[in-house]
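Asker: One structure follows; several queries about it will come next.
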Amino acid sequence: MMKISDEELLRIIWHNQLMLATEAVLCEYVGERVGLVNIDDYFWMHKAMYLLLNERHKLHAQIGDQQLLYRLHELARQQRIVIDRYRRSFYIDSHTAREAVRCAWEFYFRSGIPEGYDADNRCMRTATVPYLNALKSSCQRHIMQRFGDISLQSLKAA
């Protein structure tokens with residue numbers, strides 16, 4: 001097994017969290033329709049940030065599951081990440097993390113993906129986006145360019 005510093009581990013968590021944010025602000029429906037979630041809602045904002053503990057092995061193949069779990073708990077003890085035992089998840093909770101989620105949401109909104117409930121039709125507002133995968137890739141590049149290389153010190157808990 002390989003030795004990895006807390007800073008390296010936090011960077012890996014941060015990059016994974018950014019990639020998650022670009023997917024989690026979208027809600028995909030039957031018929032290739034897509035809409036945006038309400039990120040002003042506590043649940044959706046946090047869902048766009050948290051990584052599942054049982055998927056922690058995806059972070060780094062060189063660290064065993066038990067060692068990684070220990071390291072995550074240590075980072076939580078240092079208040080560098082939050083472990084949500086109820087949702088069995090972990091995430092970096094900071095103003096910058098929330099800003100990244102909001103930035104991903106705004107990227108899709110500016111691209112024409114609607115949000116909210118349509119009371120007249122009694123359904124969520126959605127759009128058909130035939131180029132959704134390309135749009136997701138563009139959003140990921142945008143988010144990584146804007147937030148990928150920020151100082152880890154700016155990721156202090158909110």
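Asker: Kindly check whether there is at least one residue in segment 73-96 that is open to solvent by 50 Å² or more (accessible area, probe 1.4 Å) and closer than 17 Å to G148 by Cα.
Answerer: Yes, there is a match, as at least one residue in segment 73-96 is open to solvent by 50 Å² or more (accessible area, probe 1.4 Å) and closer than 17 Å to G148 by Cα.
Asker: Residues in segment 1-52 that are hydrophobic (A, V, I, L, M, F, W, C) and open to solvent by less than 30 Å² (accessible area, probe 1.4 Å): how many?
Answerer: Of all residues in segment 1-52, those hydrophobic (A, V, I, L, M, F, W, C) come to 1-2, 4, 9-10, 12-14, 18-21, 24-27, 30, 34, 36-37, 39, 43-45, 48-49, 51-52.
Right, trim to open to solvent by less than 30 Å² (accessible area, probe 1.4 Å) and you get 4, 9-10, 13-14, 18, 21, 24-26, 34, 36-37, 39, 45, 48-49, 51.
Going through segment 1-52 one residue at a time, the tally reaches 18.
Asker: Among the residues in segment 80-100, are any within 16 Å of L59 (Cβ to Cβ), at pLDDT 90 or above and of a type in the set (D, E, K, R)?
Answerer: Checked segment 80-100: at least one residue is within 16 Å of L59 (Cβ to Cβ), at pLDDT 90 or above and of a type in the set (D, E, K, R).
Asker: Among the residues of segment 109-144, write down those that are β-branched (V, I, T) and either farther than 20 Å from Q17 by Cα or at pLDDT below 90 (or both).
Answerer: Keep residues of segment 109-144 that are β-branched (V, I, T), which gives 113, 126, 128-129, 143.
Within segment 109-144, I113, T126, T128, V129 meet the criteria.
Asker: Six or more apart or on different chains, Cβ under 6 Å: which pairs go from a residue in segment 16-32 that's farther than 14 Å from L135 by Cβ to one that's in a helix (DSSP H, G or I)? Could you list them?
Answerer: As it stands, the answer is L18/A100; L18/I143; L18/F147; A21/A100; A21/V101; A21/A104; A24/K47, since those pairs meet every condition given.
Asker: Restricting segment 108-149 to residues that are of a type in the set (V, I, T) and surrounded by 15 or more Cβ atoms within 10 Å (Cβ to Cβ), which is farthest from L26 (Cα to Cα)? Full working, then the answer.
Answerer: In the first step, residues of segment 108-149 are kept if they are of a type in the set (V, I, T); the result is 113, 126, 128-129, 143.
From the residues that got through so far, the ones that are surrounded by 15 or more Cβ atoms within 10 Å (Cβ to Cβ) too are 113, 126, 129, 143.
Working: I113: 9, T126: 10, V129: 12, I143: 15 Å.
So the residue we want is I143.
The values are calculated or read from the model by the stated rules, or taken from the named source; none is laboratory data. As the structure is a computational prediction, the values presented were derived from the model and not from experiment. Cβ coordinates were reconstructed from backbone atoms using ideal geometry, including for glycine residues, and neighbour counts include every protein chain displayed. All accessible areas refer to the heavy atoms of the entire protein, side chains included, with ligands and DNA or RNA removed. Shrake-Rupley method; radii C 1.70, N 1.55, O 1.52, S 1.80 Å.
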